[in-house]
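Beneath this line is the structure, given in structure tokens, with notes to follow.
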Amino acid sequence: MNKFFTANISDADPIISEAIDDEVRRQTNGLELIASENFVSEAVLQTMGTVFTNKYAEGYPRKRYYGGCEFADVVEDAAIDRAKQIFGAEHANVQPHSGAQANMAVLMTALDHGDQILGMNLSHGGHLTHGHPLNFSGINYKVADYGVNRETEQIDYDELQRLAEEHKPKLLICGASAYPRTIDFARIGEIARSVGAKVMADIAHIAGLVAVGLHPSPVPHCEFVTTTTHKTLRGPRGGLILCREEFAKDVDRSVFPGVQGGPLVHIIAAKAVSFGEALQSDFKAYQQQIIDNARVLAETISSAGLRLVSGGTDNHLLLVDVFMDGKGITGKVAEKALDEVHITVNKNTIPFDTNKPFVASGIRLGTPALTTRGMKEAEMKQIGEMFAAIIREPESEEVKNRVRGEVAEITAKFPMYPTRLKEKRNETAGR
Ligand code: DSN
């Protein structure tokens, strides 16, 4: 046998092999609270590591620029059909490599260079690709932005209507990456129609909730819906576009050859597997538990005296104001202190933040990953209390040692990826 096809990774590349083992242990032995992360099933993980990575399949099923695509077609057809079924969409494009590329393709479809867009401000919970000046969306299009009300810290739909009338955007962009409240897609659709705009809803964060009806769907109200596949939807890292049939050809052309070349067939296969999981009856209970867990985490943190942006959460995430007008600590300091006790989070700006994004006043927390591990309300309460203890005393070694011990106890009760965990170096990795 040609040894090229039989070598295993630990023999072929000890450095990368060890980094993979260390990452398995880091994910297993820590508490993952980054709102945009999740843990895929072993089936999804296996599918990503298949020979479909070898295949070029430029084009779409039955209209390819390469031979040998019959099985790539099976995979892409399955992913498309399942995506349409999950979201009740007329058309799905499963090729975008990421959420950013899905958004880029929609902007290319809906706009000409220099056209006006209206998107949610990044520091109010929006996303880079919704018009940030350093992103393609802000570089190629004329941008106006909307945000949240200073008092309620929730989207001000009347103000959005006013801004839409003032700027007359060709495309209104909604959806968010750090917004803990329900988004009123029906109202946004009405606003857009009143000024002759189309709407792109980026549901990357809430796609899993939308899939099972636990967040209102944008599909009936928005011409274009984009999402990543790896957040609440719990699939492989990637993007997805849903649209009405009338835009299908243009969207497909914008993805390929517009912004991408060959599709990642192994990732599309893994998307299909994860979409199949999302169509199972237990996926709704999983999404409900994500929401229940976020609510308990929010209540615990709030009861401990920390301020939540908008006062709480309706979805999978919460935004904690750890800076509290200078009375607390910065998001940067908080993120580092939590990292030291193996609680993984990200610093995040809060609306009207006085700190720069790399320092930030907030910490964003989300429950999808820990819910996948099987954690429920009791663990969320304990984790919320640990979180508050670290924010109150980020320098205390005594508190850190106690929390590290609790993290080790909780994570040991919720094992994951057993076949990938190499026990022998558990103690040396320290996590
Ligand atoms: N970076 C993602 C997030 O963390 O929300 C959005 O692209």
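The values are calculated or read from the model by the stated rules, or taken from the named source; none is laboratory data. Quantities reported herein were computed from a predicted structural model and do not represent experimental measurements. Positions of Cβ are backbone-derived with ideal geometry, glycine not excepted, and every protein chain shown enters the neighbour counts.
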Checklist entry - Are any of the residues in the range 392-409 in contact (Cβ under 8 Å) with a residue 40 or more places away in the chain, of a type outside the set (Asp, Glu) and on the phi > 0 side of the Ramachandran plot? => result no
Checklist entry - With Val322, Val296, Val345 as the choices, which residue is among the hydrophobic types (A, V, I, L, M, F, W, C), within 16 Å of the ligand (Cβ to nearest atom), touching a helix residue (DSSP H, G or I) at 6+ places or on another chain (Cβ under 7 Å) and at pLDDT 95 or above? => result Val345
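Checking the condition under 23 Å from the mean Cα position of the chain (by Cα) and either more than 16 Å from the ligand (Cβ to nearest atom) or farther than 30 Å from Glu379 by Cβ (or both), which residue from Asn8, Asn2, Asn29, Asn38 passes? Lay out the reasoning, then the answer.
Numbers: Asn8 fails: under 23 Å from the mean Cα position of the chain (by Cα); Asn2 fails: under 23 Å from the mean Cα position of the chain (by Cα); Asn38 fails: either more than 16 Å from the ligand (Cβ to nearest atom) or farther than 30 Å from Glu379 by Cβ (or both).
Matching residue, one of Asn8, Asn2, Asn29, Asn38: Asn29.
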Item to check | Boolean, Asp22 is modelled with pLDDT of 95 or more and over 30 Å from Lys347 (Cα atoms) | outcome: no
Checklist outcome for this item: Residue set Arg187, Arg181; condition at pLDDT 95 or above, touching a helix residue (DSSP H, G or I) at 6+ places or on another chain (Cβ under 6 Å), more than 30 Å from Asn346 (Cα to Cα) and not hydrophobic (A, V, I, L, M, F, W, C); output residue Arg187
Item to check | Leu107 part of a strand (DSSP E or B) and under 15 Å from Val143 (Cβ atoms) | outcome: no
Checklist entry - Which members of the range 101-143 meet the condition of being away from the ligand (no atom under 16 Å from the Cβ), touching a residue at least 40 places away in the same chain (Cβ under 8 Å) and of a type in the set (A, V, I, L, M)? => result Met108, Ala110, Leu111, Ile117, Leu118
Checklist outcome for this item: The residue that is farthest from Gln101 (Cα to Cα), considering only those in the range 118-168 that are of a type in the set (Ser, Thr, Tyr) and part of a loop (DSSP other than H, G, I, E, B), is Thr152
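Condition check ((1) among the basic types (Lys, Arg); (2) within 27 Å of Gly362 (Cα to Cα); (3) crowded, with 24+ Cβ neighbours inside 10 Å) across all residues:
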residue: Ile173; (1), (2), (3): no, yes, yes
residue: Asp184; (1), (2), (3): no, yes, no
residue: His215; (1), (2), (3): no, yes, no
residue: Arg253; (1), (2), (3): yes, no, no
Checklist outcome for this item: Of the residues in the range 193-241, those that are closer than 19 Å to Gln101 by Cβ, outside any loop (DSSP other than H, G, I, E, B) and out of contact with any Asp or Glu (no Cβ under 6 Å at 6 or more places or on another chain) come to Met200, Ala201, Asp202, Ala207, Phe224, Val225, Thr227, Thr228, Gly239, Leu240, Ile241
Next on the checklist: Going residue by residue through the range 248-261, is there one that turns out to be part of a helix (DSSP H, G or I), touching a His at 6+ places or on another chain (Cβ under 7 Å), closer than 20 Å to Val225 by Cβ and not β-branched (Val, Ile, Thr)?
Outcome noted: yes
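Every residue, every condition in (1) buried (at least 20 other Cβ atoms within 10 Å of the Cβ); (2) of a type in the set (S, T, N, Q); (3) more than 16 Å from the ligand (Cβ to nearest atom); (4) part of a loop (DSSP other than H, G, I, E, B), yes or no:
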site: Ile15; (1), (2), (3), (4): no, no, yes, no
site: Ala19; (1), (2), (3), (4): no, no, yes, no
site: Val44; (1), (2), (3), (4): yes, no, yes, no
site: Thr53; (1), (2), (3), (4): no, yes, yes, no
site: Tyr66; (1), (2), (3), (4): no, no, yes, yes
site: Val74; (1), (2), (3), (4): no, no, yes, no
site: Ile80; (1), (2), (3), (4): yes, no, yes, no
site: Ile86; (1), (2), (3), (4): yes, no, yes, no
site: Ala92; (1), (2), (3), (4): yes, no, yes, no
Next on the checklist: Let me confirm something: among Lys271, Lys231, which residue is within 16 Å of the ligand (Cβ to nearest atom) and crowded, with 24+ Cβ neighbours inside 10 Å?
Outcome noted: Lys231
Item to check | Single condition Ser302 does not satisfy, out of (1) touching a strand residue (DSSP E or B) at 6+ places or on another chain (Cβ under 8 Å); (2) in a loop (DSSP other than H, G, I, E, B); (3) hydroxyl-bearing (Ser, Thr, Tyr) | outcome: (2)
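Hey, among the residues in the range 158-189 that are out of contact with any strand residue (DSSP E or B) (no Cβ under 8 Å at 6 or more places or on another chain) and closer than 30 Å to Ala298 by Cβ, which one's nearest to the ligand (Cβ to nearest atom)? Don't jump to the end; show me each part of the working.
As a first pass, look at the range 158-189 and keep what is out of contact with any strand residue (DSSP E or B) (no Cβ under 8 Å at 6 or more places or on another chain): 158, 161-162, 165, 177, 182, 186-187.
Within this subset, residues satisfying the condition of being closer than 30 Å to Ala298 by Cβ are 158, 161, 177, 182, 186-187.
Numbers: Asp158: 27, Gln161: 27, Ser177: 4, Thr182: 18, Ala186: 24, Arg187: 23 Å.
Among them, the one singled out is Ser177.
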Checklist entry - Of all residues in the range 327-367, how many are over 19 Å from Asp145 (Cβ atoms), among the β-branched types (Val, Ile, Thr), more than 22 Å from the chain's Cα centre (by Cα) and outside any helix (DSSP H, G or I)? => result 3
Next on the checklist: With the requirement that a residue be of a type in the set (A, V, I, L, M) and either in a loop (DSSP other than H, G, I, E, B) or buried (at least 21 other Cβ atoms within 10 Å of the Cβ) (or both), what does the range 21-42 give you?
Outcome noted: Leu31, Leu33, Ile34, Ala35, Val40
